[in-house]
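Okay, so here's the structure we're looking at.
The values are calculated or read from the model by the stated rules, or taken from the named source; none is laboratory data. Note that the coordinates shown come from a computational prediction; the quantities given were computed from them, not determined experimentally. With ideal geometry, Cβ positions are generated from the backbone for all residues, glycine too; neighbour counts draw on all protein chains shown. Calculation scope for accessible area: heavy atoms of the full protein, side chains included, ligands and nucleic acids excluded. Shrake-Rupley method; radii C 1.70, N 1.55, O 1.52, S 1.80 Å.
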Amino acid sequence: MIKTEKTQEKVVLVGVESFDNNQTFEASMTELASLAETAGAVVTTVFTQKKERLDGKYLVGIGKLQEIKDNLEADEADMVIFNEKLTPRQNVNLEGFLGVKVIDRMQLILDIFALRARSHVGMLQVELAQLKYLLPRLSGSKGLELSRQAGGIGSRGAGESQLETDRRHIRHRLEIIEAQLKMAEKVQENSRQKRNNSSVFKLGLIGYTNAGKSSVFNALTQKIQYEQDELFATLDATTKDFSLQDEFTVTLTDTVGFIQDLPTELVQAFKSTLEESKNVDLLLHVIDASDPNHKIHEDVVESIMKDLGMSDIPVLTVYNKLDLAEHFAPTILPSVQISIKSEAGVQQLRQAIIAKITELFVPFALDLPYAAAYHLPMLRKIALLETVVAEDETETYHVSGSISEREKWRLVEDGLCRVSH
């Protein structure tokens, strides 16, 4: 995959409001502008049109299309970006009428992913998605003029490296990428299996893009993970362990954020990466409390979680960026509301995680003779201890806490304690 620097291109945005999308249309268009800016564009004008039915030839009406064309000439814009997914034929028709490059929301997101991918696997995943997007457009356009994609937004990564290829070469490249990804997936699966077989409790971060997941990851693990106030700052799954309480250690996995109308090609391409979030014991659903559209974002994430078969995983809802929010009211309860940039917020989150894990664990109590005190270090590693009280008169430690179902056998087998249910 060939990566290029951002180029400042003037773009015009176009969206069609219909009965199906009228509840989320305004938020979606605002997001489209953010996506364009993230890709390095300057938005000159935004056109919207209300239609009961999308036009099969141009998506918008001919009058609106002429208005867009006149504006393009006046503003000397380089490109038009449609909020809706365009068919190959619509793409060709629109470019023929407007005389400039035309892309849709999906191609814009693919382009940003091409900019963001850092690891070899991430680059392969993005290229796979781009080529799968490109292939039917070659098939459907009878020789779609790829020369129109001479660099810039919508043609970075695989799009730019495949300008002169035909369908056969693209299919061959797809086979190579899929084979390489299968090999990489085996390595990832082995690492994942080792974590699954371990007794370590696994946390996973999930949320809408730019909700602050990487900031949460960095604050909890004290690891420097790339974080910026921008969309899709993190693509590659990263796992790190950290001490949650005393010697009780957990792992935390951060992965790609979600967005409205996340391209199917990307979901499929990043399936192995998203699998990292499926194999956890507790998900931290991070939500940007300062975003007025956070309810829409919550619904998008919950819908994608359902599609990925993650609905049964316990969730702790974390409203982040509370310091930037005005008149905030949580829509998901129970939840924790914090600013992860403050030390108080970090501690509040840690306590909320401990409380949630305690709910998932089973309580236990034991009387441990001083002579058996060597068990205490092991207990601190596998359980959340609430009390450890020494009684010199009986030379006994009175210990209470909670432990996972999969670990309680250690206590019962050794006859150390009684486990409550």
Would you pull out the residues with amide H under 5 Å of THR45's amide H, same chain only if 5 or more places away, H placed 1.01 Å from N? LEU13
Under the Karplus curve 6.51 cos²θ - 1.76 cosθ + 1.60, θ = phi - 60°, whole-Hz ³J(HN,Hα) for the stretch 283-298, x wherever Gly or Pro sits: 9, 9, 8, 8, 10, 7, 5, 7, 7, x, 9, 5, 5, 4, 4, 4
In whole Hz and in residue order, list the ³J(HN,Hα) couplings for the stretch 363-380 that follow from phi through the Karplus curve 6.51 cos²θ - 1.76 cosθ + 1.60, θ = phi - 60°; x for Gly and Pro. x, 8, 8, 8, 10, 10, x, 3, 5, 9, 4, 5, 6, 4, x, 5, 4, 5
If you average the sequence gap of Cα pairs under 8 Å that are 6 or more apart and divide by the length of the stretch 306-405, what percent do you get for the contact order? 22 percent
Please give the FRET efficiency for THR48 paired with LEU324, using the beta carbon to beta carbon distance and R0 = 30 Å, rounded to the nearest 0.05. 0.60
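Given R₀ = 22 Å, FRET efficiency for THR358-ALA390 by Cβ-Cβ distance, to 0.05?
Numbers: r = 23 Å, r/R0 = 1.05.
Efficiency at R0 = 22 Å is approximately 0.45.
Take the alpha carbon gyration tensor of the stretch 283-421, find the square roots of its eigenvalues, order them as a ≥ b ≥ c, and report rounded if a/c is under 1.5; if not, report prolate when a/b exceeds b/c, else oblate. The partial results should precede the final answer.
Numbers: a/c = 4.10, a/b = 2.15, b/c = 1.91.
Because a/c hits 1.5 or more and a/b exceeds b/c, the stretch 283-421 counts as prolate.
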Tell me which residues come under 5 Å, amide H to amide H, from GLU386 once H is placed; ignore anything under 5 positions away on its chain. SER400, GLY401, SER402
Once you have the Cα-Cα distance between VAL187 and ARG171, take 0.36 nm times their residue separation minus that, and quote the gain in nm to one decimal. 3.3 nm
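Beta carbons within 10 angstrom, averaged per residue: use that to sort the peptides 109-117, 315-323, highest first.
Working: 109-117: 23.9, 315-323: 21.9.
Highest to lowest by the protection proxy: 109-117, 315-323.
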For LYS240 and ARG89, what does the FRET efficiency come to when R0 = 51 Å and r is the distance between their Cβ atoms, rounded to the nearest 0.05? 0.60
Report the Cα centroid-to-centroid distance between the stretch 97-130 and the stretch 10-39 in angstrom, as an integer. 17 Å
With every protein chain in place, the accessible area of ARG89 for a 1.4 Å probe, in Å² rounded to the nearest 10, comes to 100 Å²
What order do ARG168, ARG105, ARG173 take when sorted by accessible area (1.4 Å probe), most exposed first? ARG168, ARG173, ARG105
Among LYS50, LYS295, what's the order by accessible area (1.4 angstrom probe), most exposed first? LYS50, LYS295
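Going highest first, how would you order 75-87, 203-215, 394-406, 119-131 by mean Cβ packing within 10 Å?
Working: 75-87: 19.5, 203-215: 25.5, 394-406: 16.4, 119-131: 22.7.
The densest-packed peptide leads the list: 203-215, 119-131, 75-87, 394-406.
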